[in-house]
Amino acid sequence: MTGAGTAGAGAPVGVVLVSHSAEVAAAVAELARGLAGGAAGVPVAAAGGGPDGGLGTSAELVARAAHDVDRGAGVAVLVDLGSAVLTVKALLAEGDELPEGARLVDAPFVEGAVAAVVTASAGGDLDAVEAAAAEAYRYRKA
Amino acid sequence: MSAVLDAGFFRRWMTAAAAAVDREADRLTDLDSAIGDADHGANMRRGFAAVAAALEAEPQPTPGAVLVFAGRRLISTVGGASGPLYGTLLRRTGKALGDAAEVTPEALAEALGAGVAAVAQLGGATAGDKTMLDALGPGVDALGRGGGFAGAARAAAEGAAATVPMLARKGRASYLGERSIGHQDPGATSAALLFEALVEAAA
């Protein structure tokens, strides 16, 4: 753990970003890490694109990403739309494909990802990460 | 109709579904280009081809196991919303069938009812929203009333045709608003193919 300086020096919450586009998922992960000051201690994984590499959602990429970032403190999964939402919900309903403690977080994709990574890097637990990401819906721009 | 359906019947059903989806893939994609993102045919073809191949390699021992296995393959291979939706349909239906070696058509109708309810919950849709539910619902109801597989296939096809004048309320087509009217829903169309495949599996 680098520098977070918060209590509860437990393992960090992992963050998975699921987009129809591999590029979008990867770029949002990079953006969130960058705006979180590097967030070196927070595992963030992008799971973008479909099984054939085109636009879509790959359940296998999602499951792999969730296991990759799981440090035992839970995994916040943020999704863009359509099949990304339905795929994660279906995986959670199955019960054994995602790590225990993985949770679909209802949040805007970009703003929620930034809020989730910042909160996780500050040592927030899964509930705090989820709340911060969801809170991003309430930030009005006009 | 035969009184009981064994694992072999369910494997034939999935194989017939793969063949039907393959045969109709272009039509599904055409329907999807009108109101969706033009990938339904390709997605369904990829998913059900993977199901058929996987069942060939690992034939499952019971009706329920065949459907749970097939549903899981669909979720992992389709890549579009139809993957989790059809995957949930088959998986939940399979779970409802339990581990019986043989099931009756009535038990299948009841289990499909549970599967359809799970799809409705996952997608947050109801009848009349211009979705696969508009074919699944009538098909399952007809089967439950003792209409046989042929009756169920007819009801599902009529249900799919009845989506033409509907306004889409779910999925990408819902962004089109009024412009979604006048097109048959691709998901309802592929759902009707599943019932046609039941008829073929029983033949």
### Query
Helix B:25-35 versus the longest principal axis of chain B: what angle, 0 to 90°, nearest 10, using Cα atoms?
40 degrees
### Query
Rounded to the nearest 10 Å², what accessible area does A:Tyr137 show when all protein chains are kept and the probe is 1.4 Å?
110 Å²
### Summary
Those helices of chain A passing the 15 Å axial Cα length cut-off and the mean Kyte-Doolittle cut-off of -0.5 (DSSP H runs only) are A:22-35, A:59-69, A:83-94, A:109-121
### Message
Taking the Cα centre as origin and putting +1 on Lys and Arg beta-carbons and -1 on Asp and Glu beta-carbons, what dipole magnitude results for the protein assembly as shown, to the nearest 20 debye?
### Response
400 debye
### Task
State the Kirkwood hydrodynamic radius of region A:76-142 in Å, one decimal place, computed from all pairs of distinct Cα atoms.
12.4 Å
### Carbon plus sulfur fraction of accessible area for chain A, probe 1.4 Å, in percent
54 percent
### Query
Counting only Cα, what are the radius of gyration and maximum Cα-Cα distance Dmax of chain A, in Å?
13.9, 43
### Query
By how many degrees, 0 to 90 and rounded to 10, does the Cα axis of helix B:63-77 deviate from the longest principal axis of chain B?
40 degrees
### Summary
Excluding residues fewer than 8 positions from B:Lys130 in its own chain, the lysines with Cα under 18 Å of it are B:Lys170
### Task
Measure off 7 Å from each Cα along the Cα-to-Cβ vector at B:Ala161 and B:Ile181, then give the distance between these two points in nanometres to one decimal.
2.1 nm
### Message
Between 0 and 90 degrees, rounded to the nearest ten: what's the tilt of helix B:82-97 against the longest Cα principal axis of chain B?
### Response
30 degrees
### Message
Positive end of the dipole of region B:5-202, charges at C-beta (+1 Lys, Arg; -1 Asp, Glu), about the Cα centre: which of B:Leu193, B:Val66, B:Gln121 has its Cα farthest in that direction?
### Response
B:Gln121
### Task
Using the heavy atoms of the protein chains and a 1.4 angstrom probe, tell me the accessible area per residue for chain A in square angstrom.
45 Å²
### 11 Å cut-off, amide nitrogen to a point 7 angstrom out along B:Ala19 Cα→Cβ, residues in region B:74-93
none
### Cα centre as origin, Lys/Arg/Asp/Glu Cβ charges: chain B dipole, Debye
360 debye
### Message
Once you place label points 7 Å from the Cα toward the Cβ at B:Ala117 and B:Glu102, how far apart are they in nm?
### Response
2.8 nm
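How many percent of all Cα-Cα pairs in region B:48-175 sit more than 22 Å apart?
Details: 3094 of 8128 pairs.
That tail contains 38 percent of the Cα-Cα pairs.
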### Summary
Taking R0 as 22 Å and r as the Cβ-Cβ distance between B:Glu58 and B:Asp30, the FRET efficiency 1/(1 + (r/R0)^6), rounded to the nearest 0.05, comes to 0.05
### Cα centroid separation, region A:66-108 to region B:38-102 (Å)
21 Å
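Calculate, for region B:30-153, the solvent-accessible area per residue in square angstrom, rolling a 1.4 angstrom probe over the heavy atoms of the protein chains.
35 Å²
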### Query
Considering chain B as a Gaussian network with a 10 Å cut-off on Cα pairs, which listed residue, B:Gly41, B:Gly113, B:Gly79, attains the greatest mean-square fluctuation?
B:Gly79
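Find the sum over both chains of the accessible area lost when B and A are paired, probe 1.4 Å, and report it in Å² to the nearest 100.
Separately minus together, B and A give about 1300 Å² buried.
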### Message
Quick check on the protein assembly as shown: of the DSSP beta bridges with both residues there, what percent are antiparallel, nearest 5%?
### Response
10 percent
### Task
First compute the accessible area of region B:1-114 with a 1.4 Å probe, then give the percent of it belonging to carbon and sulfur atoms.
52 percent
### Task
Quickly work out the A:Ala40-to-A:Lys141 label distance, labels modelled 7 Å from Cα along the C-beta direction, and quote it in nm with one decimal.
3.3 nm
### Query
With +1 on each Lys and Arg Cβ and -1 on each Asp and Glu Cβ, how big is the dipole of region A:20-142 about its Cα centre, in debye rounded to the nearest 20?
460 debye
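From other protein chains only, count the Cβ atoms within 10 Å of every residue's Cβ in B:86-99, then give the mean.
Mean partner-chain Cβ count within 10 Å for B:86-99: 1.
The values are calculated or read from the model by the stated rules, or taken from the named source; none is laboratory data. None of the values given here were measured: they were computed from a predicted structure. As a convention, Cβ positions derive from the backbone with ideal geometry for all residues, glycine included, and neighbour counts pool all protein chains shown. For the accessible areas, the whole protein counts, side chains as well, though only heavy atoms, and no ligand, DNA or RNA atoms are used. Shrake-Rupley method; radii C 1.70, N 1.55, O 1.52, S 1.80 Å.
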